[in-house]
Amino acid sequence: MLAMKERAARYQDVLDAPEGLRAEILDGELVMQARPMPGHDFTQTGMVGLLHPPFQTGRGGPGGWWIVAEPELHFGNRDHRTLVPDLAGWRRERMPVIDAAARYPVVPDWVCEILSPSTARTDRMLKMRIYAEVGIPHLWIADPVTRTLEVYTLRDGHWTLLGIHGDAGEAQAEPFAEVPLPLAELWLPEGEG
């Protein structure tokens, strides 16, 4: 992770970030990260594959959600807070249409961060706090290395851990508890990556 501190960050810095780097502004500080490793990508793709059919399209589940990979979220002043979670979801009654510009001013109903060795500290120390401050009701932290899924809900402005699910079996995790998630499909097979 590379933080730029010579001057105050501006949204233009996000737009001007070098190709291959993901840029965010966390409380006024520009943070750039390299593209993730295969374990991270595998977990992100697996999560979309498990959640999209039942929750976005309604195949095998209730539908009624938008599930988006790496959306650019604007929380107020975009020069102060422009975040890019690994995944985010919105209930369609709160956000009926997707913004064609792929920038989202509507606070998501759920976010998921997938840990990498280079991002774990930022995800846990900065982004979790910001997500609580803006009122995102549900947060998942997926760790491809430990093969665990942490499920949080926001209560009185603080994260409450609802459960930690291991590398196998199924998890019924809020806000998607209607459909059990086969956890083994989220992790790169042993010995790969």
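The values are calculated or read from the model by the stated rules, or taken from the named source; none is laboratory data. Being a predicted model, the structure only gives us computed values, none of them experimental. Methodologically, a virtual Cβ is constructed for each residue, glycine included, from the backbone with ideal geometry; neighbour enumeration extends over all protein chains shown.
Here are a few things to note about the model shown:
- Pairs are defined by a Cβ separation below 7 Å, a sequence spacing of at least 6 or placement on different chains, a first member in the range 78-94 that is assigned to a strand (DSSP E or B), and a second member that is among the charged types (D, E, K, R); the pairs so defined are T82/E24; T82/E72; L83/E24; L83/K127; G89/D109; W90/D109; R91/D109.
- Selection count, the range 168-193, where residues are under 23 Å from R124 (Cα atoms) and out of contact with any strand residue (DSSP E or B) (no Cβ under 7 Å at 6 or more places or on another chain): 4
- Of the criteria (1) crowded, with 18+ Cβ neighbours inside 10 Å; (2) closer than 23 Å to I114 by Cα; (3) at pLDDT below 90, which one A9 fails: (2)
- The criterion of being in contact (Cβ under 8 Å) with a residue 24 or more places away in the chain and at positive phi holds for D27.
- Residue satisfying condition, being hydroxyl-bearing (S, T, Y) and in contact with a His (Cβ under 8 Å, 6 or more places away or on another chain), within set T82, T119: T82
- Filter pass, L126 being in contact with a strand residue (DSSP E or B) (Cβ under 6 Å, 6 or more places away or on another chain) and either surrounded by fewer than 21 Cβ atoms within 10 Å (Cβ to Cβ) or in a helix (DSSP H, G or I) (or both): yes
- For the range 175-186, filtering for residues that are under 23 Å from G64 (Cβ atoms) and surrounded by 15 or more Cβ atoms within 10 Å (Cβ to Cβ) leaves 5.
- Candidates G89, G163, filtered to the one that is in contact with a Pro (Cβ under 7 Å, 6 or more places away or on another chain), at pLDDT 95 or above and not hydroxyl-bearing (S, T, Y): G89
- Of residues in the range 166-193 being acidic (D, E) and under 18 Å from G39 (Cβ atoms), the one modelled with the lowest pLDDT: E192
- Residue among A17, A9 that alone is part of a loop (DSSP other than H, G, I, E, B), touching a His at 6+ places or on another chain (Cβ under 9 Å) and more than 16 Å from L139 (Cβ to Cβ): A9
- Of the residues screened, V31 is not one that is part of a helix (DSSP H, G or I) and closer than 23 Å to I114 by Cα.
- Residue within the range 140-156 that is modelled with pLDDT of 95 or more, closer than 18 Å to W66 by Cβ and surrounded by 14 or more Cβ atoms within 10 Å (Cβ to Cβ) present: yes
- The set of residues in the range 95-115 being assigned to a loop (DSSP other than H, G, I, E, B) and touching a Gly at 6+ places or on another chain (Cβ under 8 Å) consists of V107, P108, D109.
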